[in-house]
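Quick notes on the structure that follows.
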Amino acid sequence: GNGLGQRDILAFRSPVMEHVARRASSLEELQTEVQPELLRGVPLDVCLSGNGQHFARPDPGMFKVDVNLYRLSRQTKRFKAFLSHDWNTSRWLKLLSLLVIYNSRAAFVSSLLVTICVGVLQAAHLIPKVWWTTSLVFAVFPFMFCFWQRIRSFLRIPVVVFFDKLCIPQHDEELKRNGIFGLAGFLDHADELTILWSHRYFSRLWCTYEISTFLRDSEKPKPILVMPVKLAVVLVIFSAAMHVVMLGFSILEELRNSYGWELNSVSALPEGRMRDMFNKNALYLPFLGPVMPLLYYIGIGMMEDLAALPDQLSKFRVQDAGCFCCANGHRHPD
């Protein structure tokens, strides 16, 4: 049949996931095939639009939704990724995580190429060595980091993903039921599972079901990409701070070389090695000084979450897992 049999779900090896799968296998209604007309994906730039507004927790719950949201998705045969997340995690953390996963490589490559081109053109005296050419180099990375998926869609090569809120019809109860019961079918049509991980992830029933279902076929393993959402914050903050520092350093160097201008605190120092050191490092402490404690704080919180993960998995019980109805006292929000 099309249902998830116990033998199929126990195909993967993890003891914790075996326990989850045994619990899930009793749900005979959950299907591994989904109707073709319900198999829909959404361009990643649509998911990211509005500063990740679609990742905001529905209020109140899943029962008051805009019918037009479903129209943002389109019929497809496969997805690049199935986005797995919990609704209690901040939309901003999910937004930053997806930008790091899917945009950072393009941002790095573009920034590197523009840097090389600008350097060659300056060396050939085809463009001047002034502050605006330097600023152009530093502007490429954040621009591509924020808008690469929109550029891909404009070029007709979008990354198509499965995002439950937009790909399962929320406005029609019958279609919604078929979509939810066919969740395993959506997972089977995804090339990879992208997990936006927080400490809440394995406490949510559907999140655990998604990863256990994705892992059930041990003969044809597919990649799972796990992004701790706090790690994305650390990477973005550090990158932004370094960009600001290096841009400011380049502008100060330009001002000093062209006009002899220096910071008052530096110009008061006598000529020598100490003055040169202050000239080169004047921006590091003001910008990186406040940033580093913040990065350590977020990083330590992330490590604490990761340290608690083995214990969380070993003590997992389906009966203790939460979902939307549990969070609302098993009552309809209306």
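The values are calculated or read from the model by the stated rules, or taken from the named source; none is laboratory data. Since we're looking at a predicted model, the values are computed, not measured. When we count neighbours, we look across all protein chains shown, and the Cβ atoms used for this are built from the backbone with ideal geometry, even at glycine. Just so you know, the surface numbers come from the protein's heavy atoms only, side chains and all, with ligands and any DNA or RNA stripped out. Shrake-Rupley method; radii C 1.70, N 1.55, O 1.52, S 1.80 Å.
Quick notes
- Cross-chain or 6+ apart pairs with Cβ under 6 Å, the range 171-188 first and under 24 Å from R78 (Cβ atoms) and open to solvent by 50 Å² or more (accessible area, probe 1.4 Å), then outside any helix (DSSP H, G or I) and not β-branched (V, I, T): L175/P169; F181/E29; F181/L30; F181/Q31
- Residue match in the range 57-72 (condition: without any contact (Cβ under 8 Å) to a residue 60 or more places away in the chain and surrounded by 15 or more Cβ atoms within 10 Å (Cβ to Cβ)): yes
- Evaluation of M292 against (1) out of contact with any strand residue (DSSP E or B) (no Cβ under 9 Å at 6 or more places or on another chain); (2) crowded, with 16+ Cβ neighbours inside 10 Å; (3) at pLDDT 65 or above (one fails), failing number: (2)
- From D164, D191, residue being modelled with pLDDT of 90 or more, surrounded by fewer than 15 Cβ atoms within 10 Å (Cβ to Cβ) and over 24 Å from S110 (Cβ atoms): D191
- Residues satisfying the stated conditions in the range 86-101, i.e. open to solvent by 10 Å² or more (accessible area, probe 1.4 Å) and either touching a Ser or Thr at 6+ places or on another chain (Cβ under 6 Å) or outside any helix (DSSP H, G or I) (or both): W87, N88, S90
- Entry remark, the range 184-242: residues being over 24 Å from D311 (Cβ atoms) and either more than 15 Å from the chain's Cα centre (by Cα) or among the hydroxyl-bearing types (S, T, Y) (or both) number 22 in total.
- Residue list for the range 219-271, filter: at pLDDT 65 or above and outside any helix (DSSP H, G or I): E219, K220, P221, K222, P223, I224, L225, V226, M227, P228
- Every residue from the range 145-165 that is of a type in the set (A, V, I, L, M) and over 15 Å from the mean Cα position of the chain (by Cα): I151, L155, I157
- Of the numbered criteria (1) under 30 Å from A107 (Cα atoms); (2) in contact (Cβ under 8 Å) with a residue 60 or more places away in the chain; (3) crowded, with 21+ Cβ neighbours inside 10 Å, the one W148 fails is (2).
- V161 falls short of the stated requirement of being in a helix (DSSP H, G or I) and aliphatic (A, V, I, L, M).
- Restricting the range 102-144 to residues that are hydrophobic (A, V, I, L, M, F, W, C) and touching a residue at least 40 places away in the same chain (Cβ under 8 Å), the residue that is least open to solvent (accessible area, probe 1.4 Å): A107
- In the set (1) at positive phi; (2) at pLDDT below 50; (3) open to solvent by 30 Å² or more (accessible area, probe 1.4 Å), R7 fails one condition alone, (1).
Conditions tested, residue by residue: (1) under 17 Å from F238 (Cα atoms); (2) at pLDDT below 95.
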{"position": "V100", "(1), (2)": "yes, no"}
{"position": "V109", "(1), (2)": "no, no"}
{"position": "P128", "(1), (2)": "no, yes"}
{"position": "T133", "(1), (2)": "no, yes"}
{"position": "V160", "(1), (2)": "no, no"}
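- Which listed residue is touching a His at 6+ places or on another chain (Cβ under 9 Å) and either buried (at least 19 other Cβ atoms within 10 Å of the Cβ) or in contact (Cβ under 8 Å) with a residue 40 or more places away in the chain (or both), from W197, W206: W197
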